[in-house]
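> Take this structure first; my questions come after.
The values are calculated or read from the model by the stated rules, or taken from the named source; none is laboratory data. Every value quoted in this text rests on a predicted model; they were computed, and no experiment measured them. FYI the Cβ positions are ideal-geometry reconstructions off the backbone, even for glycines, and counts take in every protein chain you see.
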């Protein structure tokens, strides 16, 4: 549990096949350093959200250019968590830059591969802590995660099904665990990279934002009662929105746990754990991904965050430091929540990915006037007289 702006980075040993020995208390992240159809992603504007529809959205469809086919992500990441103005820390996160190295023979997946997760708890930290402790088992063992050496449509579909199963299994497990309060819940966002594929799954109001040539491309949708599609789904299931809260209680419409608000298993419920997916093929235009809890996004736009991280990487090329700077910016903007953010870079160097306005001004070269014929003659005489 984080008790201030300082964050611990602890590298864990290889998990055993049971996946049940990953500690919860005293560890801020799992780090292994190494190498429902949704609407199309939107580009966040640094101005009002109403302007989003006026901006052309970068193409997230499968790209087959030679640049894309030859691109291989060079994955490195950094993270930071802070309690913020809250009395208790209820966020948890997972950061694994080398997934196959972490899981060993249990995973056969196109390389490079990586896995990240942010879990924003509410009603206590129990549900988020449970997800941190059991995520690897739920997503990669119990879900029967597929094995393949190369990317193809069948493998991508199988991966999506496995992640969906992991979300739903986690939700049921929270209901069955007698130690966890039925009023405890957590939002969940995961980002999985295999080869050039990026797959984001989200249930709740955490957010993933891709930086594509300096432009913020949202890779998730905030599941809040104010989102029209979620509002309609809630009312269709017999729920209601009161003062912007689901059934007058919860600020999100999708979450794991919260079984005091959910219908019996098998019945339609206004609050669900079903994740939404967004997927893209990474290219050399894709610089980094930010995933963070709503404490970040409550006070800044996606484009603001991308611009801040991009400038930070230009200055010091340190994703850990960028994550901290982003959290500190949210605190400066007076966020009222816990703060957790992960910055995942896809290239080893970002110095060549600058906007024209960010380029350093070129030095002016001073011109030197030429000497006249008379001056040259006088200079020659002076030099000859000294010999």
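> If I go through segment 46-79 residue by residue, how many of them are in contact with a strand residue (DSSP E or B) (Cβ under 6 Å, 6 or more places away or on another chain) and either within 30 Å of residue 335 (Cα to Cα) or at pLDDT 90 or above (or both)?
8
> Continuing with this model, one more query. Between a residue in segment 300-314 that is within 16 Å of residue 286 (Cβ to Cβ) and any residue that is modelled with pLDDT under 95 and surrounded by 20 or more Cβ atoms within 10 Å (Cβ to Cβ), which pairs come within a Cβ distance under 7 Å, given they are 6 or more apart or on different chains?
Sorted first by the residue in segment 300-314, then by its partner, the pairs are 302/44; 303/44.
> If residue 357 passes every condition in (1) assigned to a loop (DSSP other than H, G, I, E, B); (2) modelled with pLDDT under 70 but one, which one does it miss?
In the conditions (1) assigned to a loop (DSSP other than H, G, I, E, B); (2) modelled with pLDDT under 70, residue 357 misses (1) alone.
Yes/no matrix, rows are residues, columns are (1) over 22 Å from the mean Cα position of the chain (by Cα); (2) over 29 Å from residue 86 (Cβ atoms); (3) surrounded by fewer than 21 Cβ atoms within 10 Å (Cβ to Cβ):
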| position | (1), (2), (3) |
| --- | --- |
| 134 | no, no, no |
| 148 | yes, yes, yes |
| 160 | no, yes, yes |
| 170 | no, no, no |
| 198 | no, yes, no |
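> Return yes or no: is residue 230 outside any helix (DSSP H, G or I), over 21 Å from residue 339 (Cβ atoms) and either over 15 Å from the mean Cα position of the chain (by Cα) or at pLDDT 95 or above (or both)?
no
> Looking for something in a strand (DSSP E or B) and modelled with pLDDT of 95 or more - is there at least one such residue anywhere in segment 37-45?
Looking for residues that are in a strand (DSSP E or B) and modelled with pLDDT of 95 or more, one finds none in segment 37-45, hence no.
> Okay, moving on. Tell me yes or no: at least one residue of segment 173-183 is in contact with a strand residue (DSSP E or B) (Cβ under 6 Å, 6 or more places away or on another chain) and in a helix (DSSP H, G or I).
yes
> Moving on to the next point. With a cut-off of at least 2 residues that are over 22 Å from residue 345 (Cα atoms), name the helices (runs of 4 or more DSSP H) lying wholly within segment 65-159.
Ranges flagged: 126-140.
> Follow-up question, since we're still on this one. When both residues are 6+ apart or on different chains and their Cβ atoms are under 9 Å apart, which pairs have a first residue that lies in segment 157-177 and is under 11 Å from residue 277 (Cα atoms), and a second that is modelled with pLDDT of 95 or more and assigned to a helix (DSSP H, G or I)?
Going by the 9 Å Cβ cut-off, the qualifying pairs are 163/139.
> With a cut-off of at least 1 residues that are over 24 Å from residue 186 (Cβ atoms), over 19 Å from the mean Cα position of the chain (by Cα) and at pLDDT 95 or above, name the helices (runs of 4 or more DSSP H) lying wholly within segment 264-336.
Ranges flagged: 302-316, 319-332.
> Which of the residues spanning segment 101-120 are surrounded by 22 or more Cβ atoms within 10 Å (Cβ to Cβ) and more than 17 Å from the chain's Cα centre (by Cα)?
Of everything in segment 101-120, those that are surrounded by 22 or more Cβ atoms within 10 Å (Cβ to Cβ) and more than 17 Å from the chain's Cα centre (by Cα) turn out to be 102, 103, 109.
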